[in-house]
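Right, one structure below, let's go through it.
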């Protein structure tokens with residue numbers, strides 16, 4: 001008997017993303033995305049599953065990390081799938097994330113918010 | 001097939017900004033408890049694919065009452081207004097999870113490092129990783145029931161912290177205590193940033 005040379009669970013995410021390991025848009029685990037509604041013919045199974053999560057969203061959003069957890073997909077794979085849906089115009093980011101360092105204004109807003117909710 | 005989520009699982013449609021704070025610490029130090037105390041939704045768990053070999057080497061002997069180890073990331077969230085959501089990522093501190101760390105640390109405001117007063121040495125690896133990544137951090141002692149209470153100055157010295165690094169005591173089970181630890185971290189981050 002020959003054994004499989006690789007664990008299929010390790011292979012699948014790579015296959016799912018068409019061999020890519022980086023998302024085309026800067027999508028982070030904490031990036032909040034909103035989804036389009038309705039059906040989208042031609043979308044692959046992962047894309048359909050992902051959009052199906054948002055059926056009850058009423059316009060609300062989810063972080064990429066929450067999507068990864070719900071679909072039981074690795075975060076790295078989920079980032080790529082979300083970036084693809086953004087590229088197709090089926091998802092939008094809550095904010096543009098172009099800085100590796102958060103601006104001072106965001107730190108101040110978080111501080112204000114934490115104090116208000118303490 | 002994944003089913004649709006209930007409306008309370010979503011963040012508000014008015015959200016335009018997200019912020020991220022990493023809650024770091026050694027194995028079994030209370031990271032998930034901390035995240036759960038602050039989060040408005042039950043902590044969510046996700047796992048990145050890791051090799052089985054590394055999954056077997058966690059030091060379960062140190063915390064025998066804990067039968068599983070966190071090989072992924074637990075996270076929670078809290079709205080800080082109609083337009084702003086804070087995400088807390090409770091993350092394993094071992095160097096072997098470095099690939100996940102790097103992704104988590106990009107864009108983070110900073111890190112809160114939880115330490116166990118019974119095992120301060122377990123924190124050195126995390127502190128070194130954060131310093132290497134140039135991520136600003138504050139330290140909070142999770143004061144476990146029955147654990148010795150050392151003067152903060154002694155802990156500051158034992159951890160070899162920089163003089164300006166904030167150090168406080170918290171109870172990861174208490175929401176108000178966790179919020180104060182986050183406020184102390186964020187005040188520190190605001191002080192670090194150069195003023196325009």
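Bear in mind these aren't lab numbers, they're just calculated from the coordinates by the rules spelled out. Quantities reported herein were computed from a predicted structural model and do not represent experimental measurements. Cβ coordinates were reconstructed from backbone atoms using ideal geometry, including for glycine residues, and neighbour counts include every protein chain displayed.
Sort B:138-148, B:21-31 for me by packing, meaning the mean count of neighbouring Cβ atoms within 10 Å per residue, highest on top.
Values: B:138-148: 17.1, B:21-31: 25.5.
Going from most to least packed, we get B:21-31, B:138-148.
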* Mind checking the mean number of beta-carbon atoms from other chains within 10 Å of the Cβ atoms in A:46-52? -> 2
* Asked: Label residue B:118 and residue B:144 with points 7 Å out from Cα along Cα→Cβ: what is the distance between them in nm?
  -> 0.3
* Asked: Based on the Cβ-Cβ distance from residue B:191 to residue A:58, what FRET efficiency comes out when R0 is 35 Å, to the nearest 0.05?
  -> 0.30
* Asked: Just counting partner chain Cβ atoms within 10 Å, what average do the residues of peptide A:86-95 show around their Cβ?
  -> 2
* Asked: Roughly how many nanometres apart are two label points built 7 Å out from the Cα toward the Cβ at residue A:72 and residue B:158?
  -> 4.2
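Beta carbons within 10 angstrom, averaged per residue: use that to sort the peptides B:163-170, A:87-94, highest first. Could the numbers behind the result be given before it?
On the way: B:163-170: 15.0, A:87-94: 16.9.
For the peptides B:163-170, A:87-94, the packing ranking is A:87-94, B:163-170.
Within 10 Å of each Cβ in peptide A:31-38, how many partner chain Cβ atoms are there on average? Round it to a whole number, please.
Working: counts 4, 10, 0, 4, 1, 0, 0, 0.
Across A:31-38, the average partner-chain Cβ count within 10 Å equals 2.
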* To do: At 7 Å along the Cα-to-beta-carbon direction for both residue A:95 and residue A:108, put a label point, then send me their distance in nm to one decimal.
  => 1.4
* What FRET efficiency do you get for residue B:8 and residue B:133 if R0 is 45 Å and r is their Cβ-Cβ distance, rounded to the nearest 0.05? -> 0.85
